[in-house]
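A short write-up of the structure that comes next.
The values are calculated or read from the model by the stated rules, or taken from the named source; none is laboratory data. Here the structure is a predicted model, which is why all the values come from computation and not from measurement. We place every Cβ from the backbone using ideal geometry, glycine too, and count neighbours over all the protein chains shown. We work out accessible area using only protein heavy atoms, side chains counted, and drop any ligands, DNA or RNA first. Shrake-Rupley method; radii C 1.70, N 1.55, O 1.52, S 1.80 Å.
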Amino acid sequence: MKRSLQNLLDQWNEQESPVKGQALEILKQAEQELPDKPWLTEEPSDEIATLWKDYLETTGRPDFLQNLGDRATRYRWSDSAMGAIQVSRYDLLDMLNRNLREHPGRVFLQDSEGSHVVRGTYEELAPMFRAMAASLYKLAGRQQPRVAILSSNRMDSAATDIACLLYGIFVTPLNVHFDEENLAGVFKQLDINIAVTDTSERLHRLARVSEKINRTIHLVSFEDVGSVGKHEPVRLGEYRTQLGREDIDKILQKRPRRSIYEICTALFTSGSTGVPKGVTFNMYHMVSKRFARAAALPGVGNEEVLLAYLPLYHTFGRYFELLGMMYWGGTYVFSESPSAESLISQLTTIRPTGLISIPLRWVQIHERTLDNLDEAAPMEEARRVVRTIVGDRLRWGISAAGYLDPRVFRFFQNMGVELVSGFGMTEATGGITMSPPGEYKDNTVGVPLPGVEIRFGKEGELQVKAPYIARYLDEAGPGDEVDPVEDYWLATGDLFREIEDSHLEIVDRIKDIYKNN
């Protein structure tokens with residue numbers, strides 16, 4: 001007798017270890033039971049929503065993905081996950097609730113205040129997220145809150161960002177180096193009415209922006225940073241503690257229920273070549289990307305710890321590191337400083353399992369290990385020395401946003417760290433391509449991630465289409481909905497060529513060619 005998807009999922013969850021081929025049977029059944037056009041389904045019943053959320057949470061784990069076997073089958077699973085997200089309306093709050101059920105006491109965020117380490121478990125942070133969101137709703141009064149975060153990487157800023165994403169508040173983390181003119185432009189475009197910051201200097205900058213655009217902005221700080229004339233900032237920590245549990249519940253029950261296709265957040269380019277360009281995202285962009293990444297990295301997800309130094313206004317820092325840890329139920333550790341010395345010194349104390357970094361940092365870590373390594377040392381001794389630099393748990397890493405010598409890739413791979421290459425853009429909610437683990441090819445940026453379609457335009461410019469390709473602010477702003485199956489192609493501005501096994505190699509940048517000409 002043919003069993004339903006729910007029966008198969010229950011069997012998988014009840015057994016001690018998976019049986020070969022069982023994951024494929026579940027995938028095939030899911031493909032049969034998914035609607036033909038999941039994005040057109042009506043609001044699901046509790047039973048339907050529960051089924052497909054169970055499917056996403058059961059099958060998104062490493063044991064299931066590795067049981068699927070080859071990469072092509074995992075990409076099929078990713079497609080089924082996109083449909084399940086659409087049918088069930090799965091969002092980041094569902095993701096957090098899964099962690100609360102499965103490992104409430106695991107540390108989610110870890111930060112340092114001098115010599116003092118501050119840790120927050122999923123169970124401890126969940127009520128903080130609720131209180132923060134309720135506070136922002138209350139502060140906005142009759143308006144819908146539109147929040148900008150101008151802060152260095154710290155637990156409070158990450159928690160504020162997450163609170164907004166969880167509870168339907170439009171939010172944008174901003175580059176702390178934006179000047180008043182850039183900030184004023186952003187605030188006008190997004191109708192920002194709440195600005196959250198962490199230092200006196202940034203508070204003064206925000207106060208001047210408020211005067212510049214002649215608009216009332218509620219200024220909020222994480223701690224006592226003083227005041228600026230008539231601008232007396234609200235201390236977020238104190239403000240949220242004034243709300244009782246019943247107040248918080250009442251405020252959040254009244255919040256608007258937003259579609260997963262509605263634009264809910266934005267990131268901005270650096271502004272180094274002019275006015276910062278806004279890129280907007282909806283819940284479906286953020287959540288679908290997490291499942292696509294899981295399909296591409298099937299071995300990641302067992303009690304992961306990331307040492308994170310990329311800022312939260314950076315697409316990889318926010319989406320891969322922060323939301324990636326929420327997806328994998330892992331721990332996000334704030335680095336003490338983005339400097340190479342700080343990062344390297346923390347590798348052995350934090351003992352991360354993975355590291356996402358720019359090529360320069362991998363070169364610096366490589367050079368540090370070579371300084372401590374005798375060229376004639378046998379492999380076993382070489383690996384021991386490397387572990388004194390990178391820590392005993394580091395087993396995977398990604399190098400993106402620039403060229404890294406293949407010898408560095410090969411070095412770390414030989415030392416037990418599966419370092420892969422990648423290419424991405426803010427507009428793609430992060431990565432577009434990545435080397436499949438164990439399949440790195442010299443001088444390439446890997447293959448398209450699950451869900452990514454590619455084509456080559458004029459002169460070989462790479463153009464991409466995927467469920468998680470975001471929109472520019474002038475195409476979709478706060479509150480607008482994005483059609484999840486729109487035939488929308490993003491021009492990357494980079495020239496590529498395709499070599500064997502679908503791996504891609506960067507040839508040049510179009511704007512560099514124009515500049516050189």
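What the table below lists for this structure:
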read-out: Three-way shape label, the range 414-517, alpha-carbon gyration tensor, a/c 1.5; value: oblate
read-out: Simple spin-label estimate for Thr50 and Arg383 in nanometres, 7 Å along Cα-Cβ; value: 4.7 nm
read-out: Taking the range 41-139 and dividing mean pair separation by its residue count, relative contact order in percent (alpha carbons under 8 Å, at least six apart); value: 22 percent
read-out: Dipole moment magnitude, nearest 20 debye, the range 17-109 about Cα centre, only Lys, Arg, Asp, Glu C-beta charged; value: 480 debye
read-out: Structure-based [θ]222 nm, the chain - -39500 (n - 2.57) summed over DSSP H runs of at least 4, per residue, nearest 500; value: -12500 deg cm²/dmol
read-out: Loop-located chymotrypsin sites (Phe, Trp or Tyr not before Pro) in the range 463-507 whose Cβ has at most 15 other Cβ within 10 Å (DSSP); value: Tyr488, Trp489
read-out: Within the accessible area of the chain (1.4 Å probe), percent carbon and sulfur; value: 46 percent
read-out: Ser227-Leu370 pseudo-label distance in nm [points 7 Å out on the Cα-to-Cβ vector]; value: 5.8 nm
read-out: Cα-centred dipole magnitude for the chain, charges only on beta-carbon of K, R (+1) and D, E (-1), debye, nearest 20; value: 760 debye
read-out: Point-to-point label distance, Glu43-Glu238, nm (Cα→Cβ direction, 7 Å offset); value: 4.1 nm
read-out: Gyration tensor (alpha-carbon) shape descriptor, the range 1-113, a/c threshold 1.5; value: oblate
read-out: Viscosity 1.567 mPa s, temperature 4 °C, Stokes-Einstein D of the range 45-98 from Kirkwood C-alpha radius, µm²/s; value: 112 µm²/s
read-out: Mean Cα-pair separation over length for the range 62-217, i.e. relative contact order, pairs under 8 Å, 6 or more apart, %; value: 18 percent
read-out: Antiparallel bridges, percent of DSSP beta bridges restricted to the chain (to nearest 5); value: 50 percent
read-out: Heavy atoms of Asp94: accessible area, 1.4 Å probe, square angstrom to 10; value: 30 Å²
read-out: Extension gain (nm, one decimal) between Thr269 and Asp63, 0.36 nm per residue minus Cα-Cα; value: 70.4 nm
read-out: Given 15 as the ceiling on other Cβ atoms within 10 Å, longest exposed-site-free region of the chain for GluC sites (Glu not before Pro) in DSSP loops; value: 43-222
read-out: Unit charges at the beta carbon, dipole of the range 50-185: most positive-side option, Leu174, Gly120, Ser152; value: Gly120
read-out: DSSP-loop trypsin sites (Lys or Arg not before Pro) across the range 127-184, with at most 16 other Cβ within 10 angstrom; value: Arg142
read-out: Which listed pairs, of Lys37/Lys254; Lys138/Lys254; Lys254/Lys289; Lys289/Lys465; Lys20/Lys289; Lys138/Lys230, have C-alpha distances above 23 Å, in listed order; value: Lys37/Lys254; Lys254/Lys289; Lys20/Lys289
read-out: Cα gyration tensor, the chain - rounded (a/c under 1.5), prolate or oblate; value: rounded
read-out: Cα lying deepest toward the dipole's positive end in the range 22-101, options Ser88, Gln66, Ser45, charges on Cβ; value: Gln66
read-out: Cα-centre dipole for the range 398-517 with unit charges at Cβ (Lys and Arg positive, Asp and Glu negative), debye to 20; value: 500 debye
read-out: Accessible area (Å², per residue) of the range 279-394, counting only protein heavy atoms and a probe of 1.4 Å; value: 32 Å²
read-out: The chain: relative contact order as a whole-number percent, Cα under 8 Å and 6+ apart; value: 13 percent
read-out: Long-range HN-HN contacts of Phe108 with modeled amide H, under 5 Å; value: Gly120, Thr121, Tyr122
read-out: Qualifying trypsin sites (Lys or Arg not before Pro) in the range 203-256, DSSP loop, other Cβ atoms within 10 Å at most 12; value: Lys230, Lys254
read-out: Modelled FRET efficiency - R0 41 Å, Asp247 with Ala72, Cβ distances, 0.05 increments; value: 0.20
